[in-house]
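Engineer: So that we are looking at the same thing, I have put the structure below in structure tokens.
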Amino acid sequence: VFVSSLARYVLYPGSSVYAATKCAVAALSRCLRAGGWRTLTVYPGPTRTQQARDNAVDNSREARRMAPATVARAVRRAYGHGKARLCPGAKNKLFQYIGYLAPRITGAAMKKAIFDKLPARDDLAMGHGAV
């Protein structure tokens with residue numbers, strides 16, 4: 001089981017390094033699967049984890065994040081059915097689909113929801129560094 005991220009499909013400024021690593025995880029899983037290995041790549045969206053709490057701009061909507069146990073149950077079911085990919089949650093699947101078809105729309109939404117709320121940093125404004 002490989003844990004990628006919805007960031008694989010929904011990109012926004014400041015997420016390039018994170019998204020690139022999650023794309024690499026998904027690519028590794030696909031390559032292994034093509035070589036005959038049984039793999040499942042999970043693309044979870046916002047999940048109630050310590051990492052999410054530590055890195056969120058605003059935790060006031062934490063209750064909207066998916067519970068880790070919900071993600072785990074979905075992973076167990078998908079793996080048991082031999083699925084190759086899993087994006088748990090209807091809202092996450094919708095965002096994944098829109099992100100695949102219209103990346104500029106989801107990118108603009110994520111920029112407004114996350115990036116624009118981050119404290120200003122000169123190194124990011126100049127195109128240096130990553131968040």
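Engineer: Select from the stretch 21-53 the residues that are more than 24 Å from residue 106 (Cβ to Cβ) and among the small types (Gly, Ala, Ser) and write down the one among them that is nearest to the chain's Cα centre (by Cα).
Structural biologist: Once the filter is applied, the top-ranked residue is 34.
Engineer: A follow-up question, please. Within the stretch 60-79, is there a residue that is assigned to a loop (DSSP other than H, G, I, E, B), under 13 Å from the mean Cα position of the chain (by Cα) and not aliphatic (A, V, I, L, M)? Break it down stepwise before answering.
Structural biologist: Keep residues of the stretch 60-79 that are assigned to a loop (DSSP other than H, G, I, E, B), which gives 60-61, 65, 67.
Retained after the next criterion (residues that are under 13 Å from the mean Cα position of the chain (by Cα)): 65.
So of that shortlist, the ones also not aliphatic (A, V, I, L, M) come out as 65.
Yes; the residues of the stretch 60-79 include at least one that is assigned to a loop (DSSP other than H, G, I, E, B), under 13 Å from the mean Cα position of the chain (by Cα) and not aliphatic (A, V, I, L, M).
Engineer: Would you please list the contacts, defined by Cβ atoms under 8 Å and residues six or more apart or on different chains, that run from a residue in the stretch 12-34 that is without any contact (Cβ under 8 Å) to a residue 60 or more places away in the chain and more than 16 Å from residue 115 (Cβ to Cβ) to a residue that is surrounded by 15 or more Cβ atoms within 10 Å (Cβ to Cβ) and charged (D, E, K, R)?
Structural biologist: These pairs meet every condition: 22/8; 23/8; 26/8.
Engineer: Taking the stated definitions as given, is residue 90 modelled with pLDDT under 85 and either more than 14 Å from residue 5 (Cα to Cα) or under 13 Å from the mean Cα position of the chain (by Cα) (or both)?
Structural biologist: On the way: modelled with pLDDT under 85: no; either more than 14 Å from residue 5 (Cα to Cα) or under 13 Å from the mean Cα position of the chain (by Cα) (or both): yes.
Taking the combined requirement at face value, the residue does not satisfy it.
Engineer: Mind listing just one residue for me: the one in the stretch 1-45 that is open to solvent by 80 Å² or more (accessible area, probe 1.4 Å) and assigned to a loop (DSSP other than H, G, I, E, B) and, of those, farthest from residue 94 (Cα to Cα)?
Structural biologist: Ranking the qualifying residues of the stretch 1-45, first place goes to 37.
Engineer: Might you check whether a residue that is in contact with a Gly (Cβ under 6 Å, 6 or more places away or on another chain) and within 15 Å of residue 11 (Cα to Cα) occurs anywhere in the stretch 95-107? Show your work before the answer.
Structural biologist: Our first condition is that a residue be in contact with a Gly (Cβ under 6 Å, 6 or more places away or on another chain); within the stretch 95-107, this holds for 106.
Applying the additional criterion that residues be within 15 Å of residue 11 (Cα to Cα) yields 106.
Taking every residue of the stretch 95-107 in turn, at least one turns out to be in contact with a Gly (Cβ under 6 Å, 6 or more places away or on another chain) and within 15 Å of residue 11 (Cα to Cα).
Engineer: Could you go through the stretch 71-85 and let me know if any residue there is modelled with pLDDT under 95, on the phi < 0 side of the Ramachandran plot and open to solvent by 30 Å² or more (accessible area, probe 1.4 Å).
Structural biologist: Going through the stretch 71-85, the residues modelled with pLDDT under 95 turn out to be none.
No, the stretch 71-85 contains no residue that is modelled with pLDDT under 95, on the phi < 0 side of the Ramachandran plot and open to solvent by 30 Å² or more (accessible area, probe 1.4 Å).
Engineer: Same structure, new question: For the stretch 86-114, what are the residues that are without any contact (Cβ under 8 Å) to a residue 60 or more places away in the chain, under 22 Å from residue 52 (Cα atoms) and either among the basic types (Lys, Arg) or outside any helix (DSSP H, G or I) (or both)?
Structural biologist: 86, 88, 89, 91, 93, 112
Engineer: Filtering the stretch 47-70 down to residues that are open to solvent by less than 80 Å² (accessible area, probe 1.4 Å) and touching a residue at least 24 places away in the same chain (Cβ under 8 Å), which residue is farthest from residue 114 (Cα to Cα)?
Structural biologist: Out of the qualifying residues, it is 66.
The values are calculated or read from the model by the stated rules, or taken from the named source; none is laboratory data. No experiment lies behind these values; they were computed from the predicted model shown. Quick reminder, even Gly has a Cβ in these numbers, built from the backbone with ideal geometry, and neighbours come from all protein chains shown. We work out accessible area using only protein heavy atoms, side chains counted, and drop any ligands, DNA or RNA first. Shrake-Rupley method; radii C 1.70, N 1.55, O 1.52, S 1.80 Å.
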